[in-house]
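Here the structure comes first, spelled out in structure tokens, and everything after it is commentary.
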Amino acid sequence: MNLTGSKKTLALAGVICGLVAACLAYFGNPANMAFCIACFIRDTAGAMGMHQAEAVMYARPEIIGLVLGAFIISIATKEFRSTGGSSPMIRFVLGVIIMIGALVFLGCPLRMVLRMSAGDLNAWVALIGFILGVATGVFALKQGFSLGRAQATTKASGAVLPVIVVGILILATCTSLLKVSAAGPGSLHAPIIMSLVGGLIFGAMAQKSRMCFAGGIRDVIIMKNFDLLSVIGGLFVVMLIFNIATGKFVVGFNTPGVIAHSEHLWNILGMYTVGFAAVLAGGCPLRQLILAGQGSSDSGVTVIGMFVGAAICHNFGLAASGTALNPETKAVVAGAVPTNGKVACILCIVVLFIIAFTCKRETGKK
């Protein structure tokens with residue numbers, strides 16, 4: 001099964017992923033958060049007690065399904081490669097930074113596109129930052145940035161993260177050890193089986209199509225290649241149709257219930273951070289999960305970094321708040337990025353520049 005042979009097959013993969021996201025949104029996932037890697041990792045981290053934000057605690061089956069979907073399809077098509085050893089500590093830091101940037105914006109690149117398809121103008125503003133972040137990462141690549149070559153490792157090493165997510169699934173379905181939100185985004189979800197199956201399908205399609213939001217823009221900048229954008233285009237069109245058909249398409253900035261804020265500078269800088277870090281790490285948050293599922297321990301370390309980053313954001317008050325309605329006065333309360341989050345975002349950008357221009361490919365060695 002080869003989905004990368006043409007733009008049509010890539011777009012088809014995006015359409016299938018879009019249908020999965022639409023179904024999950026229709027059957028219970030939060031509004032404009034049908035499928036968000038950053039938000040779902042944050043929720044899962046909360047379920048495991050890594051942070052204490054009661055509104056965002058739920059072991060999301062979609063995350064488990066993504067990893068297992070990529071794992072199963074890569075085994076079936078003999079693409080599973082157990083590799084690791086490419087600057088794991090730096091990749092861990094990049095995972096933390098990706099999550100901080102995402103929670104300043106309130107979403108990963110996938111959710112940015114989903115929000116765009118629902119008319120959220122804040123997401124369109126954030127797209128500017130994401131493109132600039134990817135472009136900065138590409139500049140670093142052209143200047144010789146490299147985290148080193150990954151080496152082949154034992155097959156067991158590449159299977160660690162898939163085993164871990166199976167363990168989380170067992171804990172979530174067979175015990176009461178994991179926490180579940182009684183209210184807020186963590187309490188809103190599609191049925192477990194539907195979410196797990198949706199994650200499996202999405203993971204398989206993402207693995208076969210090489211779906212990557214940062215990679216799509218990177219390829220356009222470097223090679224003028226629009227193939228990966230075909231996948232994202234298919235996803236966008238399906239969700240646009242779904243949002244219009246269900247009355248969820250609302251053009252505006254301060255839209256209560258969307259879980260977004262209108263601090264434009266920080267929407268831009270949040271996604272700039274994500275785009276920059278994603279290029280340095282070799283893929284967006286979605287791509288990191290897929291690569292980890294197909295055997296990359298380096299991506300597995302990045303994913304663990306994202307979990308830790310989610311915990312840091314909510315334990316130290318870095319995450320932004322979304323625009324909402326005051327339950328008593330019914331007045332619109334604008335979302336905002338806390339001072340801690342702004343400082344952390346700037347520090348993350350500084351660290352990214354240090355990483356980008358100090359980690360160089362070694363030359364002159366055979």
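The values are calculated or read from the model by the stated rules, or taken from the named source; none is laboratory data. Just so it is clear, the structure is predicted and the values come from calculations on it, not from any experiment. Positions of Cβ are backbone-derived with ideal geometry, glycine not excepted, and every protein chain shown enters the neighbour counts. Note: areas computed on protein heavy atoms with side chains; ligands, DNA, RNA excluded. Shrake-Rupley method; radii C 1.70, N 1.55, O 1.52, S 1.80 Å.
A few points about this structure:
- Matching residues in region 204-219 - criterion: being in a helix (DSSP H, G or I), over 17 Å from Ala22 (Cβ atoms) and in contact (Cβ under 8 Å) with a residue 40 or more places away in the chain: Ala204, Gln207, Lys208, Ser209, Phe213, Ala214, Gly215, Ile217, Arg218
- Output for region 317-347, where each listed residue is in a helix (DSSP H, G or I), among the aliphatic types (A, V, I, L, M) and in contact with a Phe, Trp or Tyr (Cβ under 9 Å, 6 or more places away or on another chain): Ala344
- Region 30-57, residues that are under 29 Å from Val237 (Cβ atoms) and open to solvent by 10 Å² or more (accessible area, probe 1.4 Å): Ala31, Asn32, Arg42
- Considering residues of region 220-232 that are part of a loop (DSSP other than H, G, I, E, B) and without any contact (Cβ under 8 Å) to a residue 24 or more places away in the chain only, the residue nearest to the chain's Cα centre (by Cα): Asn225
- Exclusive hit being open to solvent by less than 70 Å² (accessible area, probe 1.4 Å) and at negative phi, set Met205, Met223: Met205
- Residue within region 174-191 that is surrounded by 24 or more Cβ atoms within 10 Å (Cβ to Cβ), touching a residue at least 24 places away in the same chain (Cβ under 8 Å) and among the aliphatic types (A, V, I, L, M) present: no
- Of everything listed in (1) part of a helix (DSSP H, G or I); (2) in contact (Cβ under 8 Å) with a residue 40 or more places away in the chain; (3) not polar (S, T, N, Q), the single unmet condition for Val350 is (2).
- Residue that is nearest to Val258 (Cα to Cα), among those in region 296-339 that are at pLDDT below 95 and of a type in the set (S, T, N, Q): Thr323
- Test result for Leu235, open to solvent by less than 50 Å² (accessible area, probe 1.4 Å), out of contact with any Leu (no Cβ under 9 Å at 6 or more places or on another chain) and either part of a helix (DSSP H, G or I) or without any contact (Cβ under 8 Å) to a residue 24 or more places away in the chain (or both): no
- Restricting region 241-264 to residues that are free of Cβ contacts under 8 Å to residues at least 60 places away in the same chain and open to solvent by 70 Å² or more (accessible area, probe 1.4 Å), the residue that is nearest to Gly335 (Cα to Cα): Ile244
- Region 308-347 - residue that is polar (S, T, N, Q) and in contact (Cβ under 8 Å) with a residue 24 or more places away in the chain and, of those, least open to solvent (accessible area, probe 1.4 Å): Thr323
- Restricting attention to region 3-62, the residues that are in contact with a Leu (Cβ under 9 Å, 6 or more places away or on another chain), polar (S, T, N, Q), more than 19 Å from Gly107 (Cβ to Cβ) and in a loop (DSSP other than H, G, I, E, B) total 1.
- Flag if Leu188 is closer than 20 Å to Pro109 by Cα and either among the hydrophobic types (A, V, I, L, M, F, W, C) or in contact with a helix residue (DSSP H, G or I) (Cβ under 7 Å, 6 or more places away or on another chain) (or both): no
- Residues of region 58-80 classified as among the charged types (D, E, K, R) and either under 16 Å from Ser187 (Cα atoms) or open to solvent by less than 10 Å² (accessible area, probe 1.4 Å) (or both), total: 2
- Any hit, region 115-134, residues being open to solvent by 10 Å² or more (accessible area, probe 1.4 Å), of a type in the set (Lys, Arg) and closer than 30 Å to Thr339 by Cβ: no
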